[in-house]
Amino acid sequence: MNLQYNRHRLFWLLQKWSSYSVWAHYARQFDVFVKAYEEALATWPEGERPPEYNVRFAYKAQDLYPKGLAVLAKGDRSVWREREDGYLGEAQGAAFRAMDGVTSAEINKYDGGERGVPLYTVWTPRLEKLRLLKEAATPEGAFLVYEQRPTYMDWHPVTMIGSEGLEEYLAHNGAELGPLPTVCPPTPEPTTVLTESGDTVSTDGIWELVLPHRAPGETDCLNYFVKGAVTPWIDDPNYGYEPGKQHVLPATWRLVWEDTRYRDGVIPDESAYLKPAVEPAPGPEQFVEAVSHGGRCEAGQPCPQDGTWWTPARPDARRAFAQGEMMPNFPDSNYGATIWYREAE
């Protein structure tokens, strides 16, 4: 696992899911879902028509989304706090309840509900279309920015990402968070601002777990914390799940990036979060060109020439190397041997 590679990806995801444009997108998608839901209630026959009781939650979400977006547009991120004016968190919760009556063909077939009878007599193409609208309106990455609250009153809040397990998590759930750009930009240098479990978070932004055996910036354990929230604990890896018990460890967190977006009232172009630049893998002609210019070097060997070098073993590793500098190796890459190629000038 390459920590910097994962660090860049998680940092990008945290910025994405804390952005105004992404939340505005899901609010619009939810409006599309509600319109289709209302049409289904008005025109579809019994046995295909979705449950009417969900509509009240839909209208509640439609009332909360604009309130939350108006607050976020001013740079106030309390909209993700676990409280009455945490409008976006409340909106997402209401939207979830509004859409839970739209299941899937599989669930409808095997889950008969309280009375053992499927909700829908037959799963139709119109129901499948409604299900797809539900998926499009569900902000799967919302959990990345929510204030963490304890399960029970006498428990501690636990951070969502408490260890360096991003690789495994993305392998199972990455598709739900949306596509990642081929090359995520590097993270900024960490600050000296710290917060400890139980403290009040002083600044909105992205924080990294402080590890005693690591230098600042040498971890991919990042979390988004909202100002005013309680700094969370982390799960104790020495214990597994035990019903009714909590095993946690206190942690120290270092501020990596303060989120000051929108405080000036300006929403920048954030379209890249919805349609990131996914570049194709280097073609054979690029390898031929590199070799023809003598720009090839195996990992572990000194760089033969100053310039910008890249390797298909790690797409985001492209950078400038000086002659004599040792070329890095990425043994965990799925590509195979790490071979570096110099870009033609």
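Observations
- Residue check for Val55: without any contact (Cβ under 8 Å) to a residue 24 or more places away in the chain and assigned to a helix (DSSP H, G or I): no
- Only a single item in (1) touching a residue at least 12 places away in the same chain (Cβ under 8 Å); (2) surrounded by 14 or more Cβ atoms within 10 Å (Cβ to Cβ); (3) not hydroxyl-bearing (Ser, Thr, Tyr) is not met by Leu211, and it is number (1).
- Elements of type strands (runs of 3 or more DSSP E) contained in the range 236-345, each with 2 or more residues being at pLDDT 90 or above: 252-258
- Taking (1) within 15 Å of Tyr146 (Cα to Cα); (2) buried (at least 22 other Cβ atoms within 10 Å of the Cβ); (3) β-branched (Val, Ile, Thr) in turn, Val102 satisfies each apart from (1).
- Out of Thr200, Thr231, sole residue that is β-branched (Val, Ile, Thr) and under 21 Å from the mean Cα position of the chain (by Cα): Thr231
- Residues in the range 84-101 that are in contact (Cβ under 8 Å) with a residue 60 or more places away in the chain and assigned to a loop (DSSP other than H, G, I, E, B): Gly86 only.
- Single condition Leu72 does not satisfy, out of (1) out of contact with any Phe, Trp or Tyr (no Cβ under 6 Å at 6 or more places or on another chain); (2) buried (at least 21 other Cβ atoms within 10 Å of the Cβ): (1)
- Identity of the residue in the range 59-87, acidic (Asp, Glu) and over 22 Å from the mean Cα position of the chain (by Cα), that ends up nearest to Ala36 (Cα to Cα): Asp63
The values are calculated or read from the model by the stated rules, or taken from the named source; none is laboratory data. Everything quoted here is computed from the prediction, not taken from an experiment. Note that each Cβ is placed from the backbone with ideal geometry, even for glycine, and that neighbours are counted across all protein chains shown.
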